Amino acid sequence: MKNPDCWQASQAPAARLVFPALTGNQTSQLMLASGNYDWSTLFVPNIHQSWVNKDPGANRYWFPPGGTITLYLNLTQAPFSSMTFRQGLSDDRATIAQKAEDGYVRPASQSGMLLPGMRRWLAPSLPGGGKVSYQPQQAAALFARAGYRMSGGKLTSPGGKPVTMTIITPDGFTDWLQGAQVIQQQLAKLGITASIQTPQYAAYYSDLQTGHFDAAIGAFGGTGSPYLDLNALLSSSAAAPVGQPAASNFGADRAAVHHQPGPAEAGHRRAGAGHGDPGPGDRPVLRRDLGRVQHQGVHRLAGRGPSLRTARPLRVAAAGPVHPADDHHSPDPHIAA
């Protein structure tokens with residue numbers, strides 16, 4: 001409710017704000033289609049047909065760079081505890097972006113930075129801006145180096161057991177589920193059998209926090225600062241032993257988080273962890289130690305970005321000016337400024 005005693009109460013046109021508690025994308029899409037939203041944050045497939053064309057003069061949408069959708073890997077267990085094995089887990093991110101997000105987004109950089117907006121912080125030595133291509137032959141060589149071999153079309157461990165994994169993604173997150181299904185198909189081509197589970201969000205997040213998962217679709221970043229994004233992703237201070245809730249470093253080697261810092265943690269300390277976003281003088285440290293560590297260590301697989309959980313279909317009274325294409329806006333004439 002609007003506070004009548006606020007010093008700018010007369011400038012707030014809305015008397016109250018209502019935030020419906022819904023269970024997933026499909027319910028939200030029905031609410032949107034029936035005109036029950038003024039502003040909504042959700043994934044909408046074929047947004048021109050399902051939203052814009054219903055009222056081209058009023059219906060707008062905006063896809064800001066809100067973070068990266070990713071595949072978290074649990075580094076406490078084999079085979080993900082092997083960095084060489086993780087480096088072999090390539091995926092066709094262009095296909096994932098197209099099939100899971102209707103082509104609204106671009107494949108993400110493995111550095112963990114939102115591009116092109118954060119390009120000035122990216123290590124120049126990273127090939128292709130840190131974007132990793134889908135290379136099944138190279139994956140097979142890396143798996144072999146880690147001790148894994150193909151047998152009967154299945155990738156097997158050094159002990160001869162088939163490599164399997166379970167990917168969790170929240171129930172109702174339809175775009176994340178589609179992404180998981182594409183990853184499942186691509187892993188099968190590498191000889192890895194992946195199953196998918198869709199628990200309710202509370203159970204999903206509990207498993208993510210406490211380390212009870214093999215792999216999980218999730219999202220991170222979006223602060224606007226590469227230091228803050230990667231600090232949350234890699235810092236041991238944001239991790240916890242298995243069974244205890246981690247703040248944000250969900251895929252960490254939780255058995256080691258209270259022992260000695262890894263290279264990412266050491267880089268954080270040199271950059272002044274805990275003191276906000278380092279200034280220009282510290283940016284070379286960011287380039288050298290954070291984006292590079294994430295790219296080479298493959299602590300999680302960057303999928304596509306920005307995150308479509310921050311895509312906002314909205315209804316406006318009149319068309320506003322449209323920004324030209326740049327790091328944060330789309331040239332689409334139906335995107336509101």
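Suppose we keep only residues that are acidic (D, E) and out of contact with any strand residue (DSSP E or B) (no Cβ under 8 Å at 6 or more places or on another chain) within region 91-108. Which one would you say is farthest from P136 (Cα to Cα)?
Ranking the qualifying residues of region 91-108, first place goes to D102.
If you scan region 143-161, which residues turn out to be touching a residue at least 12 places away in the same chain (Cβ under 8 Å), exposed (fewer than 14 other Cβ atoms within 10 Å of the Cβ) and either closer than 28 Å to A203 by Cβ or of a type in the set (G, A, S) (or both)?
Within region 143-161, G153 is the sole residue that qualifies.
Step by step: first the residues of region 63-91, then only those that are of a type in the set (S, T, N, Q) and not in a loop (DSSP other than H, G, I, E, B), then the one that is surrounded by the most Cβ atoms within 10 Å (Cβ to Cβ). Which residue is that?
Looking at residues that are of a type in the set (S, T, N, Q) and not in a loop (DSSP other than H, G, I, E, B), I get T68.
Every residue in region 50-62 that is aromatic (F, W, Y) and either in the same structural domain as G224 (by TED's automatic domain parsing) or not in a loop (DSSP other than H, G, I, E, B) (or both), please. Spell out how you get there, then give the answer.
So in region 50-62, the residues aromatic (F, W, Y) come out as 51, 61-62.
Passing the criteria: Y61, W62.
Restricting to region 163-195, and then to whatever is part of a loop (DSSP other than H, G, I, E, B) and of a type in the set (G, A, S), can you tell me which residue is surrounded by the fewest Cβ atoms within 10 Å (Cβ to Cβ)?
G172
Which condition does R119 not pass, out of (1) among the charged types (D, E, K, R); (2) free of Cβ contacts under 8 Å to residues at least 60 places away in the same chain; (3) buried (at least 19 other Cβ atoms within 10 Å of the Cβ), if it passes all the others?
For R119, the exception is condition (3).
Give all pairs with beta carbons closer than 8 Å in which a residue from region 29-49 that is more than 15 Å from G66 (Cβ to Cβ) and acidic (D, E) meets a residue that is surrounded by fewer than 20 Cβ atoms within 10 Å (Cβ to Cβ) and at pLDDT below 80; count only pairs at least 6 apart in sequence or on separate chains.
Once the first residue is more than 15 Å from G66 (Cβ to Cβ) and acidic (D, E) and sits in region 29-49, its partners that are surrounded by fewer than 20 Cβ atoms within 10 Å (Cβ to Cβ) and at pLDDT below 80 give D38/L314; D38/R315.
Applying the selection to region 1-39, what residues are small (G, A, S) and over 21 Å from T169 (Cβ atoms)?
A9, S10, A12, A14, A15, A33, S34, G35
Identify, from the list P127, P116, P162, P170, the residue that is touching a helix residue (DSSP H, G or I) at 6+ places or on another chain (Cβ under 7 Å), in the same structural domain as G222 (by TED's automatic domain parsing) and either modelled with pLDDT under 95 or not basic (K, R) (or both).
P170
Return a yes/no flag: does region 92-106 have any residue that is crowded, with 16+ Cβ neighbours inside 10 Å and more than 22 Å from the chain's Cα centre (by Cα).
no
Conditions first: (1) in a loop (DSSP other than H, G, I, E, B); (2) more than 30 Å from L228 (Cβ to Cβ); (3) over 28 Å from the mean Cα position of the chain (by Cα). P45 passes all but one, so which condition is the exception?
Failed condition: (3).
The values are calculated or read from the model by the stated rules, or taken from the named source; none is laboratory data. Everything numeric here is computed off the predicted structure, so don't read it as measured data. So basically every Cβ, Gly included, is an ideal-geometry build from the backbone, and we count neighbours across all protein chains shown.
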